[in-house]
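Visitor: Input: one structure, supplied below.
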Amino acid sequence: MYTQAMDTMREEGGQPALRTAEEAALQQRFDNRIDAGDFIEAKDWMPDNYRKTLLRQISQHAHSEIVGMLPEGNWITRAPTLKRKAILLAKVQDEGGHGLYLYAAAETLGQSRDQMLDSLHSGKAKYSSIFNYPTLTWADVGTIGWLVDGAAIMNQVPICRCSYAPYARAMIRICREESFHQRQGYDSLLAMMQNGTEAQKAMVQDAVNRWWWPCLMMFGPPDDQSPNSAQGMRWGIKRVSNDTLRQKFVDATVQQAQVLGVSLPDPDLRWNEATQHWDFGTIDWSEFWRVVGGEGPCNRERLAMRVAAWEEGEWVREAALAHSRKQARKEKAA
Amino acid sequence: MQASIQIPATPELDYLLRLGDTCLISGQRLGEWCGHGPILEEDIALSNMALDLIGQSRALLTLAGQKSGKGFDEDQLAFLRDEGAYRNPTLAELPRGDFAFTILRNLVLSTWLKLIWERLRDSRDAELAAIAGKALKEARYHQQHAADWAVRLGDGTEESRRRCEAALAQIAPYLPELFEDDTVDAAAEASGLGPAWSSLREPWLAEMGEVLGEAGLALPESTKFRSTGKVGRHSEHMGYLLAEMQYLQRAYPGGAW
Ligand SMILES: [Fe+2]
Ligand SMILES: [Fe+2]
């Protein structure tokens, strides 16, 4: 999820001609390692495009984690019980931690966190479009846990085997926490559906209706419209295709919805005995591209809020730097 | 709308609620920082402290509920009291302000809470003593975090220093409430439940003096103003805080969460 880089990036302009025999040898060695399923470490030689693509993907993933803190953070002060407040605080805190691991992984490719944040704040870097949808009720929090974290897991488990080792390592830690989030989200919806009032059940159904289609879009455009996927697969950055992951998600989620007692808002959803999968209706890709393009319900608010926090915090960061410079001078003098 | 609960006014319950509500309301305010901190590490640290405080409030409110004789649970106490039944000192409910205000209020309250938890480990109430033992470790970390930042900000730049001074000036009028006794303190001390708040004053001043000294800051002169949150008369900010915090419990009577 979180990583539409592969689908939304502009064309890189092809592979530049290799200049020297030495470079050709390095490239050959790199290709062999990738083919053999080896992991690439930060200090290893890698082609420029591989580095650029990864940097874009990992930083976008990091941005998604921290922008993703906003829609749910929106409900911390209104959580309905102290237990739910504690769970939500812990979850949003985890997402911040995911941001930290991922920025650190991206930094191994040669860009500082501040540079990456500049790209986010200027609107140059993207983050997952799912976070441009609003959290209108408490049930949205549980639905995000169930569906959005659920889709993220589907998408991210294969990245644990990504050819770039620092990214793969970060993903292993992250995936473990994401499955907690999914269970907790589902559990909070279950509490309302099984023991709640009619008004609460309606609240849950409404949230599922609003989040279902955007969640299916999280996997990215259909395979035949995802021209960069092939290169990602070749490099071992992408392991499973968009459509395959989307189908896996639908198959897993239909059953969970039945247990929960909600319907999924798709009249075309039906079991296909021949394929042994759930068929589903047509996704409105114009909506996806509109939101990616900045015209979703909350794009402006989300970015404005990140920028405001950054700008309001500038004096704090300056003070911390000034203090550590003074300390360093004192230690030198002593 | 879900109606309010009425709790019996006993000195013992008041003592527990004063402490439990301080944790609850501070946690509520710190939670407002999530996603808005000056750096990602602070978003995480402040949410983490909010989480600790909410955890402490759950333990204390559960205990208070048991002692209420009415079988109230933590959520009824947290979400279904009228404003006048909340017993936190007013300082805890003031808006989060800028990062300097949040840090200095945290320094004030975490130092105060740490001292209270230290003493409550010897409470005659075994459950309260157990809660204190766990909370003490958390309060020590909160105090350390606030102290580190107070020194950075006090020493950092012109602007950070000015903001710290403004924050302290805003906080100072609310300090006497943390250290003046009434009948609740007298009863707690007599029964061995916990210390009278006045006994925290000297060690608090000593610890604060050390940190503020290193930060190049000082507590302003005390004022004649007295805040009264701990007897249930709050500032105007409290109503908004509670409206937000209580909204779901009030709007969905009989709901399951
Ligand atoms: Fe995450
Ligand atoms: Fe998550």
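The values are calculated or read from the model by the stated rules, or taken from the named source; none is laboratory data. Everything numeric here is computed off the predicted structure, so don't read it as measured data. Neighbour counts are summed over all protein chains in view; Cβ atoms, including those assigned to glycine, are modelled from backbone coordinates with ideal geometry. Note: areas computed on protein heavy atoms with side chains; ligands, DNA, RNA excluded. Shrake-Rupley method; radii C 1.70, N 1.55, O 1.52, S 1.80 Å.
Visitor: What's the total number of residues in the stretch A:83-95 that are farther than 13 Å from A:ARG173 by Cα and within 11 Å of ligand 1 (Cβ to nearest atom)?
Guide: Here is the first cut: in the stretch A:83-95, the ones farther than 13 Å from A:ARG173 by Cα are A:83-93.
Still in the list and also within 11 Å of ligand 1 (Cβ to nearest atom): A:91-93.
Residues meeting the conditions: 3.
One line per residue, one yes/no per condition, for (1) small (Gly, Ala, Ser); (2) out of contact with any helix residue (DSSP H, G or I) (no Cβ under 9 Å at 6 or more places or on another chain):
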{"residue": "A:ARG234", "(1), (2)": "no, no"}
{"residue": "A:GLN255", "(1), (2)": "no, yes"}
{"residue": "A:GLY261", "(1), (2)": "yes, no"}
{"residue": "A:ASN272", "(1), (2)": "no, yes"}
{"residue": "A:ARG290", "(1), (2)": "no, yes"}
{"residue": "A:ARG300", "(1), (2)": "no, no"}
{"residue": "A:ALA309", "(1), (2)": "yes, no"}
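To keep it simple, each residue is scored yes or no on (1) away from chain B (no Cβ under 14 Å); (2) within 21 Å of A:MET69 (Cα to Cα); (3) over 27 Å from the mean Cα position of the chain (by Cα).
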residue	(1), (2), (3)
A:GLU311	no, yes, no
A:ALA319	no, no, yes
A:GLN327	no, no, yes
A:LYS330	no, no, yes
A:ALA333	yes, no, yes
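Visitor: Suppose we keep only residues that are open to solvent by less than 10 Å² (accessible area, probe 1.4 Å) and at the interface with chain B (Cβ under 7 Å from one of its Cβ atoms) within the stretch A:85-94. Which one would you say is nearest to the chain's Cα centre (by Cα)?
Guide: First pass over the stretch A:85-94, keeping only residues open to solvent by less than 10 Å² (accessible area, probe 1.4 Å): A:85, A:88-89, A:92.
With at the interface with chain B (Cβ under 7 Å from one of its Cβ atoms) added as a condition, the list becomes A:85, A:89, A:92.
Values: A:LYS85: 23, A:LEU89: 19, A:VAL92: 14 Å.
Per the criteria, the residue is A:VAL92.
Visitor: Does A:ARG161 satisfy the criteria of being charged (D, E, K, R) and touching a Lys or Arg at 6+ places or on another chain (Cβ under 7 Å)?
Guide: yes
Visitor: Could you check, for the stretch B:168-181, whether at least one of its residues is aliphatic (A, V, I, L, M) and within 14 Å of chain A (Cβ to nearest Cβ)?
Guide: At the first step, the residues of the stretch B:168-181 found to be aliphatic (A, V, I, L, M) are B:168-169, B:171-172, B:175, B:178.
This time we only want the ones that are within 14 Å of chain A (Cβ to nearest Cβ), so: none.
The answer is no, given that none of the residues of the stretch B:168-181 is aliphatic (A, V, I, L, M) and within 14 Å of chain A (Cβ to nearest Cβ).
Visitor: Could you list all residues from the stretch B:87-115 that are farther than 16 Å from B:LEU24 by Cα and among the charged types (D, E, K, R)?
Guide: B:ASP98
Visitor: Let me ask something else about it. If A:ARG270 satisfies all but one of (1) closer than 30 Å to A:PRO158 by Cβ; (2) within 25 Å of the chain's Cα centre (by Cα), what's the number of the condition it fails?
Guide: (2)
Visitor: Checking the conditions here, which among B:SER198, B:SER160, B:SER222 is under 27 Å from B:GLN144 (Cβ atoms) and at pLDDT below 95? First the steps, then the outcome.
Guide: Numbers: B:SER198 fails: at pLDDT below 95; B:SER160 fails: at pLDDT below 95.
Going through B:SER198, B:SER160, B:SER222 in turn, just one is under 27 Å from B:GLN144 (Cβ atoms) and at pLDDT below 95: B:SER222.
Visitor: Do we find a residue being within 24 Å of A:GLY123 (Cβ to Cβ), surrounded by 14 or more Cβ atoms within 10 Å (Cβ to Cβ), within 14 Å of chain B (Cβ to nearest Cβ) and in contact with a Gly (Cβ under 8 Å, 6 or more places away or on another chain) anywhere in the stretch A:218-237?
Guide: No; the residues of the stretch A:218-237 include none that is within 24 Å of A:GLY123 (Cβ to Cβ), surrounded by 14 or more Cβ atoms within 10 Å (Cβ to Cβ), within 14 Å of chain B (Cβ to nearest Cβ) and in contact with a Gly (Cβ under 8 Å, 6 or more places away or on another chain).
Visitor: Check A:SER64 against each of (1) touching a Phe, Trp or Tyr at 6+ places or on another chain (Cβ under 7 Å); (2) away from ligand 1 (no atom under 12 Å from the Cβ) and name the one condition it does not meet.
Guide: That leaves (2) as the condition not met.
Listed here are the residues, each with its yes/no results for (1) open to solvent by less than 10 Å² (accessible area, probe 1.4 Å); (2) among the hydrophobic types (A, V, I, L, M, F, W, C); (3) away from every other protein chain (no Cβ under 11 Å).
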| position | (1), (2), (3) |
| --- | --- |
| B:HIS142 | no, no, yes |
| B:ARG152 | no, no, no |
| B:ASP155 | no, no, no |
| B:LEU219 | no, yes, yes |
| B:THR223 | no, no, yes |
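Visitor: Sticking with this structure for a sec: Return a yes/no flag: does the stretch B:172-180 have any residue that is among the acidic types (Asp, Glu), farther than 24 Å from B:LEU104 by Cα and open to solvent by less than 60 Å² (accessible area, probe 1.4 Å).
Guide: No; the residues of the stretch B:172-180 include none that is among the acidic types (Asp, Glu), farther than 24 Å from B:LEU104 by Cα and open to solvent by less than 60 Å² (accessible area, probe 1.4 Å).
Visitor: What is the one condition in (1) within 16 Å of ligand 1 (Cβ to nearest atom); (2) surrounded by 24 or more Cβ atoms within 10 Å (Cβ to Cβ) that A:GLN156 does not satisfy?
Guide: Checking A:GLN156 against (1) within 16 Å of ligand 1 (Cβ to nearest atom); (2) surrounded by 24 or more Cβ atoms within 10 Å (Cβ to Cβ), the one that fails is (2).
Visitor: Being polar (S, T, N, Q) and touching a residue at least 60 places away in the same chain (Cβ under 8 Å) is the filter; apply it to the stretch A:96-150 and report the residue that is surrounded by the most Cβ atoms within 10 Å (Cβ to Cβ). Working first, answer last.
Guide: Going through the stretch A:96-150, the residues polar (S, T, N, Q) turn out to be A:108, A:111-112, A:115, A:119, A:122, A:128-129, A:132, A:135, A:137, A:143.
Right, trim to touching a residue at least 60 places away in the same chain (Cβ under 8 Å) and you get A:108, A:119, A:128-129, A:132, A:135, A:137, A:143.
Numbers: A:THR108: 17, A:SER119: 16, A:SER128: 24, A:SER129: 25, A:ASN132: 23, A:THR135: 21, A:THR137: 18, A:THR143: 28.
Step by step, filter the stretch A:96-150, then rank; the result is A:THR143.
Visitor: Here's something else I'd like to know. Among A:GLY281, A:GLY296, which is more than 14 Å from chain B (Cβ to nearest Cβ) and within 18 Å of the chain's Cα centre (by Cα)?
Guide: Details: A:GLY281 fails: within 18 Å of the chain's Cα centre (by Cα).
Going through A:GLY281, A:GLY296 in turn, just one is more than 14 Å from chain B (Cβ to nearest Cβ) and within 18 Å of the chain's Cα centre (by Cα): A:GLY296.
Visitor: Given the options A:ARG161, A:ARG173, name the one that is more than 16 Å from ligand 2 (Cβ to nearest atom) and either farther than 19 Å from B:TYR252 by Cβ or open to solvent by less than 10 Å² (accessible area, probe 1.4 Å) (or both).
Guide: Details: A:ARG173 fails: more than 16 Å from ligand 2 (Cβ to nearest atom).
Only one candidate passes the filter, namely A:ARG161.
Visitor: With the condition being away from ligand 2 (no atom under 13 Å from the Cβ), I'd like the helices (runs of 4 or more DSSP H) fully within the stretch A:57-130 carrying at least 3 qualifying residues. Even if it seems obvious, please write down each step before you answer.
Guide: On the way: elements: A:69-73, A:82-107, A:113-121.
So the answer is A:82-107, A:113-121.
Visitor: If you scan the stretch A:61-84, which residues turn out to be more than 8 Å from chain B (Cβ to nearest Cβ) and open to solvent by less than 10 Å² (accessible area, probe 1.4 Å)? It would help to see each step written out before you state the result.
Guide: Taking the stretch A:61-84 as the starting set, the residues that turn out to be more than 8 Å from chain B (Cβ to nearest Cβ) are A:61-65, A:67-68, A:71-72, A:74-75.
Hits for the stretch A:61-84 are A:HIS61, A:ALA62, A:HIS63, A:SER64, A:GLU65, A:VAL67, A:GLY68, A:PRO71, A:GLU72, A:TRP75.
Visitor: Right, something else. Determine, yes or no, whether A:GLY196 is open to solvent by less than 70 Å² (accessible area, probe 1.4 Å) and more than 14 Å from every other protein chain (Cβ to nearest Cβ).
Guide: Working: open to solvent by less than 70 Å² (accessible area, probe 1.4 Å): yes; more than 14 Å from every other protein chain (Cβ to nearest Cβ): no.
No.
Visitor: Also, I was wondering about something else. Go through the stretch B:225-247 and report how many residues are in contact (Cβ under 8 Å) with a residue 60 or more places away in the chain and open to solvent by 80 Å² or more (accessible area, probe 1.4 Å).
Guide: We begin by selecting, within the stretch B:225-247, every residue in contact (Cβ under 8 Å) with a residue 60 or more places away in the chain; these are B:227-235, B:237-239, B:241-242, B:245-246.
After this cut, where a residue has to be open to solvent by 80 Å² or more (accessible area, probe 1.4 Å) as well, the list is B:233.
Residues that pass the stated criteria total 1.
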